[in-house]
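Report on one structure; see the data block that follows.
The values are calculated or read from the model by the stated rules, or taken from the named source; none is laboratory data. Everything numeric here is computed off the predicted structure, so don't read it as measured data. Quick reminder, even Gly has a Cβ in these numbers, built from the backbone with ideal geometry, and neighbours come from all protein chains shown. Each accessible area value is taken on the protein alone, full model and side chains, heavy atoms only, with ligands, DNA and RNA left out. Shrake-Rupley method; radii C 1.70, N 1.55, O 1.52, S 1.80 Å.
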Amino acid sequence: MTAVHKTRAAAHAVGRRSAPPPESDVGRPRTGRRRRTAVLTPWLFLAAPLTLLVMFTYLPVADMIGYSFTDWDGVSPTRSYVGAENYTDLVTRSARFEVFLVSGFYLAASVAQIALALYFATVLSFDTRFRNLFKGLLFFPYLINGVAVGFVFLYFFQPDGTLDTLLRLIGVDGKHLWLGDPDLANPSLAGVSVWRFMGLNMVLFLGAIQSIPPHLYEAAQLDGANRWQQFRHVIAPSIKPVISLSFILAVSGSLAVFEIPYIMTGGANGTETFVIQTVKLAFQFDKVGLASASAVVLLVLILLITWVQRRLIPEERVELS
């Protein structure tokens, strides 16, 4: 064998030894399986809540919209299609929308409720004695069942009851019809809603305030800012999104008030709200079709007002640094 042949043979041998092994396809199916698992896992966790959401929210809403175009009485196995007659009945009777005036009392109470919640959240966010005790006391009313709250305040507002006794201690005599006088009934009921829901707003504000970096307070103190100035220039701008959300919930909640006035007065003495009127149409006058149309109108109205609020008060990202 010549030197040339020996050199070629040696090169081929080195090439065989140095050539990379063929790529294995063993890892590819495993990688694809992991990718599919990563995609499917979140949906497996969401399957149960999404199923419950569709079954108990979206399907009932779809049925309600369907009932709003019928004359169903809620009992009869048959129902007739009446088109937009129920909606025409609602629009042409202005008395059905006069009950929204009652919502004004609850809207005013919601503003007072947000102001009080913001005040207590700000005070309790600083180093205050027994602040954990006060947090619990203020939040506790929200944990009580609405029916129990209604019955408790029925005794509280009785003529010559607890409230009149307390007023007598400070020199205010006389028996007041807190739930019987149309001029006093709605403010009294709105006051109950303030007492019950202020703790929820306070917790929301408190959580937002506690997320503010401490060095912002330190910088404000170095600049000589007092508590009010810290609230105005540090706390309020930092929790503005939460305050906006609270106002949106306040407006939608004031339009859909039901529990407290229904339990305490049943809608009597000028305390009837739109939701109470809708419930009476369905279960007292057996007009489920008309009541469904009324509920659809309320739903559309709340969505519209929420959209307008979001347009007027756009969502802002607050950089806390």
Subset of region 214-233, residues open to solvent by less than 60 Å² (accessible area, probe 1.4 Å) and closer than 14 Å to ALA121 by Cα, comes to GLN230, PHE231
Among the residues of region 242-256, are any out of contact with any strand residue (DSSP E or B) (no Cβ under 9 Å at 6 or more places or on another chain), open to solvent by 20 Å² or more (accessible area, probe 1.4 Å), farther than 23 Å from ILE313 by Cβ and not in a helix (DSSP H, G or I)? no
The residue that is surrounded by the fewest Cβ atoms within 10 Å (Cβ to Cβ), considering only those in region 144-157 that are touching a helix residue (DSSP H, G or I) at 6+ places or on another chain (Cβ under 8 Å) and free of Cβ contacts under 8 Å to residues at least 12 places away in the same chain, is TYR155
By residue number, the members of region 46-59 that are under 20 Å from VAL300 (Cβ atoms) and open to solvent by less than 60 Å² (accessible area, probe 1.4 Å) are THR57
Pairs returned, first residue in region 64-87 that is among the polar types (S, T, N, Q), second residue that is open to solvent by less than 90 Å² (accessible area, probe 1.4 Å) and not in a loop (DSSP other than H, G, I, E, B), beta-carbon separation under 6 angstrom, 6 or more apart or interchain, are SER68/ASN86; SER68/SER292; SER68/ALA293; SER68/VAL296; THR70/GLY289; ASN86/GLY289; ASN86/LEU290; ASN86/ALA293
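Residue-wise test of (1) in contact with a Lys or Arg (Cβ under 6 Å, 6 or more places away or on another chain); (2) closer than 28 Å to PRO237 by Cα; (3) modelled with pLDDT of 90 or more; (4) part of a helix (DSSP H, G or I).
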{"position": "ILE114", "(1), (2), (3), (4)": "no, yes, yes, yes"}
{"position": "ALA121", "(1), (2), (3), (4)": "no, yes, yes, yes"}
{"position": "ARG129", "(1), (2), (3), (4)": "no, yes, no, no"}
{"position": "LEU137", "(1), (2), (3), (4)": "no, yes, yes, yes"}
{"position": "ALA148", "(1), (2), (3), (4)": "no, no, yes, yes"}
{"position": "VAL172", "(1), (2), (3), (4)": "no, no, no, no"}
{"position": "LYS175", "(1), (2), (3), (4)": "no, no, no, no"}
{"position": "ASN186", "(1), (2), (3), (4)": "no, no, yes, yes"}
Residues of region 186-243 being among the aliphatic types (A, V, I, L, M), within 20 Å of the chain's Cα centre (by Cα) and under 25 Å from LEU163 (Cα atoms), in sequence order, are ALA190, VAL192, VAL194, MET198, LEU200
Scanning region 273-284 for residues that are surrounded by fewer than 19 Cβ atoms within 10 Å (Cβ to Cβ) and in a loop (DSSP other than H, G, I, E, B) gives GLN284
Those residues of region 188-240 that are free of Cβ contacts under 8 Å to residues at least 60 places away in the same chain and either in contact with a Leu (Cβ under 6 Å, 6 or more places away or on another chain) or polar (S, T, N, Q) (or both) come to a total of 6
